[in-house]
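S.K.: Supplied in structure tokens, the structure appears directly below.
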């Protein structure tokens, strides 16, 4: 049984959890958040699937209709957004270094006025990618090559499916990144528990990154969105999906993408080990959303997005698409005060 969990908010603000399988979807009686269900599973030493099986089923529900009505929210959240950490890893997928390598070579060539040294040797991105190919899937119990890592934001930057992804007023680009995200809850003793996976749009500013790869941190401090379904249980070896951009209702760009360990240079276990090796990421009660990377970007194909464009990402075994329109936030003036 492939179990998916969704979070629902009715028009009067009431929260509910929906369980979905191939057989259908239904509300879980008395359940209000996925995080509370996961905390119960941890406390009782059972799985999320066990908790769902032990929870009385409520009314059946049409999840596609609820998505269309904007009543599905992100499948994980935290009542205190500061206790939800979003982070990610890059250069993790086979083929993911190509676009980044081209980006950084172009920037180096521009900076060095086309001298021969600008194209000689490997970029830092390519070296990191190849190190991951060699050491990113260690044997059980061994330490593998550490990946590129970045901080994305906290729960205030997590956007619901269907809601706009807003780039800051100062952003130079707003670009999609179709990928998988791991969802985790830290147990009372500091143990990280993976609840499952979501399809995700790890929204970034690729023009800023292209200017200088040391600005990767700046380019990643953006909103992100999760698809409405949390896939519970075993991690799929192969995930195949489609990423597209719609403009004025027509398809502007479309491309398939691959994920899952069969298409990655790192194992999920290795990426998790290098994230949770830091004690500050093992604070009991915190939620973590960790983006696992992608090899497919419209930016690499020369697409320039603009406000109003619609990002759409879909991938089996998820049954609902993730759609978010592109917006730009209003300009802000921040004045630091001296006390």
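S.K.: Can you name every residue in region 137-166 that is out of contact with any strand residue (DSSP E or B) (no Cβ under 8 Å at 6 or more places or on another chain) and within 21 Å of residue 288 (Cα to Cα)?
M.R.: 146, 156
S.K.: Still on this structure: Of the numbered conditions (1) part of a strand (DSSP E or B); (2) within 28 Å of residue 69 (Cα to Cα), residue 194 fails exactly one; give the number of that condition.
M.R.: Evaluating residue 194 over (1) part of a strand (DSSP E or B); (2) within 28 Å of residue 69 (Cα to Cα) leaves (2) as the failure.
One line per residue, one yes/no per condition, for (1) within 30 Å of residue 19 (Cα to Cα); (2) surrounded by fewer than 22 Cβ atoms within 10 Å (Cβ to Cβ); (3) at pLDDT 95 or above:
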site: 153; (1), (2), (3): yes, yes, yes
site: 195; (1), (2), (3): yes, no, yes
site: 201; (1), (2), (3): yes, no, yes
site: 213; (1), (2), (3): no, yes, no
site: 224; (1), (2), (3): yes, no, yes
site: 240; (1), (2), (3): yes, yes, yes
site: 244; (1), (2), (3): yes, yes, yes
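S.K.: Confirm whether residue 283 is surrounded by fewer than 19 Cβ atoms within 10 Å (Cβ to Cβ) and closer than 29 Å to residue 33 by Cα. Full working, then the answer.
M.R.: On the way: surrounded by fewer than 19 Cβ atoms within 10 Å (Cβ to Cβ): yes; closer than 29 Å to residue 33 by Cα: yes.
Here the answer is yes, as residue 283 does meet what is asked.
S.K.: Kindly check whether there is at least one residue in region 311-328 that is in the same structural domain as residue 163 (by TED's automatic domain parsing), in a loop (DSSP other than H, G, I, E, B) and closer than 23 Å to residue 90 by Cβ.
M.R.: Within region 311-328, one or more residues are in the same structural domain as residue 163 (by TED's automatic domain parsing), in a loop (DSSP other than H, G, I, E, B) and closer than 23 Å to residue 90 by Cβ.
S.K.: Moving on. Residues that are closer than 24 Å to residue 49 by Cβ, surrounded by fewer than 21 Cβ atoms within 10 Å (Cβ to Cβ) and without any contact (Cβ under 8 Å) to a residue 24 or more places away in the chain: does region 246-253 have at least one? Talk me through it step by step, then tell me what you get.
M.R.: Here is the first cut: in region 246-253, the residues closer than 24 Å to residue 49 by Cβ are none.
Checked region 246-253: no residue is closer than 24 Å to residue 49 by Cβ, surrounded by fewer than 21 Cβ atoms within 10 Å (Cβ to Cβ) and without any contact (Cβ under 8 Å) to a residue 24 or more places away in the chain.
The values are calculated or read from the model by the stated rules, or taken from the named source; none is laboratory data. Here the structure is a predicted model, which means the values were calculated and not measured. When we count neighbours, we look across all protein chains shown, and the Cβ atoms used for this are built from the backbone with ideal geometry, even at glycine.
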